[in-house]
Every structure is written in C-alpha cells, then in structure tokens.
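Notes to accompany the following structure.
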Amino acid sequence: MTPAILAAVAPDGVPEVRPGDDLAALLLAVLEDVDWPDGTRGLRDGDVVVVTSKVVSKAEGRVLAAADREDAITAETVRLVASRAHPGGTLRIVENRLGLVMAAAGVDASNTPVGTVLLLPVDPDASARALRARLQTATGARLGVVVTDTAGRAWRRGLVDLAIGAAGVAVLEDLRGHDDHHGRRLDVTVTAVADELASVAELLAGKTSQRPVTVVRGLGRHVLAADDDGEGARVLVRPAAEDMFREGSAEAYARGYAAGVAARDDVGGRVSPS
C-alpha cells in the first residue's frame, strides 16, 4: 500500500496588508516562488491555499478604531450565548452574523496596527471564491482556498484555527454508510475537512510568524473541479435544532430557574404533584 503523505509550506515574504491592497497579487508574488521538497515550484493541481481572515479583512477594509471595539462586538452580535465578568471587563461569547459562535464576535485586536481592531470579512465564502478565481487564472492550477480564524471549543482548553470561508474544497467528508476496516458500518462519522486544513496551516504558520498563507499538498481528493466552488464553509455551522449547547451554563440555569418561578406563580405558589 502506498503511504499517505501530506506536505505544507508557509512562505515568508507577504508584506503588511493594508485596506485596498490586491491580496491575490501579494500572495501570488510569494506562492509562485515556493520550492517544494520534491523539486517542484509554485502551485499545482490539488493544492489548497489556506489564508488567515486577518489579511482578508485588512485588504477588504474591515478595520476600525480600537475605541469602537465594544460597539463593534455589539453590532456583530446576533445572539448572546454567555457572558462572564473578569478583572479586565466582561467576556462575551456570542453568535455573530456569520452564524459562528466566538468570543467577542470575532472582533480581533491582535496582529493589527496599534489603535485598530479587525472585523471578520463580510462574506468569507465570497472572499474565498474571489481569491480562488484569481489564483487559478494566474497559475492554471485546480486549487482550493480556505479562509481561517481562531476560536475556542466547548469541552477543550486552548484555541484552534477553523475554516470560516472556503471555495473549491469539499468542506465535509461524509463517511456514513461506509464500513470501517473491521467491517462495522459507520453511522455518524462526518469529518470537517476544511477545519482540519485550517489547523494544519496554523500549526505551521503560528500566530506570531507573519506568515498569513500556507499551501497544503497531498489532499487533492478533497479539491473540487476548477469550475466548482462547492458549498462553502457556512455549511459547517451546526443548525440550531442540532445544537445541544446553545446557551452558557449560567444562562441556561437562569432561564430554567425563571421558568420554574413562573410555573410556581401560575399555580398560586403551590407545588404540583409529580
């Protein structure tokens, strides 16, 4: 059996991105010069270009004065999931207008010029589609593009990068109905391919290296035809009806307590028999 091999390169050389910059041109200038260990150069069919949302947001002008951060968080919030006071203020975990549940709605104060904060792209899937079109036209290669951001996770410590935009990538691999190597049927396994690509890129590029783009090679089976952008990363957001953790623990307790008080008052303070 041929071994599975995954390769990734996070090149240096991308300059500081500013509002109005041609992001595709800036990335092409470094990606076309990438030397791969197998002796190839640049991009080829099946490569996935993974780019941080920060540089996409900067190029699209999603920059605000830092003094507006709390207002920006409020403006980007669709639903408050949880809030907790801490010595520096209040942390808000919210669902933002993209459907993502994140701290501070994804409004970011890191890796941006002093005195500014960044909003997420207006439509990360559209940003990925536009970038893919430019890169494919310039290189003639069949490519995938993933736009990433950083988030925490329920049950787990630490942050990971995940896909918030995608084009040309099958973002989910549905293995339901297949058998494992023992012959057992898989009934629930759906793999978040785009999120795994995002994490591969973050492991290589890191948060402080100023390498906002990574090329992942070896997963061409997940890259779609050149004229097929796919469903995009929005389908990775779990629908509300499937979300078992839609509220923070304190918020769920408060809502349940209030419902209990209301039920008691409805029966005149009496406790109904069980």
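Coordinate-derived values only; no laboratory data. On a predicted model such as this, the values are computed, not experimentally measured, just so you know. Quick reminder, even Gly has a Cβ in these numbers, built from the backbone with ideal geometry, and neighbours come from all protein chains shown.
Things to note:
- Once the chain from Thr40 to Ser199 is taken as fully extended at 0.36 nm per residue, the excess over their C-alpha distance is 54.8 nm.
- Size of electric dipole in the stretch 117-245: Cβ of Lys, Arg +1 and of Asp, Glu -1, about Cα centre, debye, nearest 20: 440 debye
- Length gained on full extension, Ile5 to Arg185, computed as 0.36 nm times the residue gap minus the Cα-Cα distance: 62.1 nm.
- Residue order, fewest to most beta carbons within 10 Å, for Val114, Val169, Val17, Val213: Val114, Val17, Val213, Val169
- Sparsely packed GluC sites (Glu not before Pro) within the stretch 126-210, loop by DSSP, other Cβ within 10 Å at most 13: none
- Computed extension gain for Arg176 through Asp21, at 0.36 nm per residue and net of the alpha carbon distance, reaches 51.5 nm.
- GNM on the chain, alpha-carbon springs under 10 angstrom: the most fluctuating residue among Ala126, Ala166, Ala154 is Ala154.
- Inter-label distance, Thr137 to Lys207: 3.7 nm, where each label sits 7 Å from its Cα along the C-beta direction.
- Of the GluC sites (Glu not before Pro) found in the stretch 52-93, none is in coil by DSSP with at most 15 other Cβ atoms within 10 Å of its Cβ.
- Placing a pseudo-label 7 Å from each Cα along the Cα-to-Cβ vector at Asp123 and Glu251 gives an inter-label distance of 2.8 nm.
- Between the beta carbons of Asp12 and Ala154, assuming R0 = 30 Å, the FRET efficiency works out to 0.30 to the nearest 0.05.
- Net +/- balance of residues flanking Thr74 in space, Cβ distance below 14 Å, scoring K and R +1, D and E -1: -1
- Trypsin sites (Lys or Arg not before Pro) lying in DSSP loop within the stretch 142-226, provided at most 15 other Cβ fall within 10 Å: Arg176, Arg184, Lys207
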